[in-house]
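The values are calculated or read from the model by the stated rules, or taken from the named source; none is laboratory data. Computed from a prediction, not measured in an experiment: that's the story for all the values here. Glycine gets a Cβ as well: all are built from the backbone with ideal geometry, and neighbour counts include every protein chain shown.
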Amino acid sequence: MHALANPARFLRFARPATTWLLLIGLALAVVGMIAGLTLTPPDYLQGETVRILYIHVPSAWLGMAGWVGIAAASVSQLVWRHPLAAVAGRAVAPAGATFAAICLITGSIWGRPTWGTWWEWDGRLTSMLVLFFLYLGYIALASAERERGGDGRIAAIYGLVGAINLPIIHYSVLWWRTLHQGQSIGLNGSTIDESILWPLPLTMIGFTCLFGAATLMRIRAELAQNKVEARMRRMGT
Amino acid sequence: MDPWPFVIAAYSVAVSLTVALMIWAFGSMRRSEIAADALKRK
């Protein structure tokens, strides 16, 4: 991690990585979604609505993974004072918030024909909504802190405190067995039939690459802004 | 209840928000990098 602490060295890695992540992400996400819409059979219970799985599950994973990224950047900022940690935390947040929003909206759309309701104050749905609001709070706090010339420590503490919501989201389907189904994909395999499951890794990897590309683009934007601001300060003095 | 309007709506939301995120991230990166390069040339 510290090998990439130098912005010039980081940019030598980030420029080609952005392009590759964009191309691979786009290709896999498009192929996965087309396969999920046209090539897989309908579920015996849910029928055609099961196809929402291929976008809902990756967005849920990325909504949570985004906050894991913020928590890791926060630790890196508070413990090791990594020079890119605050920038990385701010860069992950918009992508994480977007995928948390996609997860909530697609879940609500999936819920209407499956459960008969758009929304229920169920443990999983509510904790995911809390995660979305945590993202909004983080984005507002981190940008306000940056504008006032802070070093990002307040946002880092908020990022660490917010991480308490991640195990709550994960275990919510076990702790409060209400409407949302239990875990169907785990480390030991899946309860979903292979004929339906196979496009899911394509969209999972595809959207993850797009998430990575968006994050790298935000880091590059902020590093360039920092360069402009530093130059303006030097010219002003 | 016809399931397809729900499937199409979910995919439309996911694709639109992802495309909007990518365009915004790309646009902000290009604008910032162009401004930094222009200032370096001065």
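Structure summary
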item	result
Any hit, region A:42-65, residues being touching a Lys or Arg at 6+ places or on another chain (Cβ under 7 Å) and modelled with pLDDT under 95	no
Region B:22-42 residues that are within 7 Å of chain A (Cβ to nearest Cβ), paired with ones that are β-branched (Val, Ile, Thr) (beta carbon under 6 Å, 6 or more apart)	B:Ala35/A:Val228; B:Ala36/A:Val228; B:Leu39/A:Val228
Some residue of region A:204-225 being touching a residue at least 12 places away in the same chain (Cβ under 8 Å), touching a Lys or Arg at 6+ places or on another chain (Cβ under 7 Å) and not acidic (Asp, Glu)	no
Matching residues in region B:1-14 - criterion: being assigned to a helix (DSSP H, G or I) and more than 8 Å from every other protein chain (Cβ to nearest Cβ)	B:Pro5, B:Ile8, B:Ser12
Residues within region A:162-182 that are within 30 Å of A:Leu141 (Cβ to Cβ), touching a residue at least 24 places away in the same chain (Cβ under 8 Å) and outside any helix (DSSP H, G or I), tallied	3
Residues that are within 11 Å of chain B (Cβ to nearest Cβ) and among the polar types (S, T, N, Q), drawn from region A:60-108	A:Thr98, A:Thr106, A:Ser108
Selection count, region A:183-198, where residues are part of a loop (DSSP other than H, G, I, E, B) and under 16 Å from A:Val50 (Cβ atoms)	5
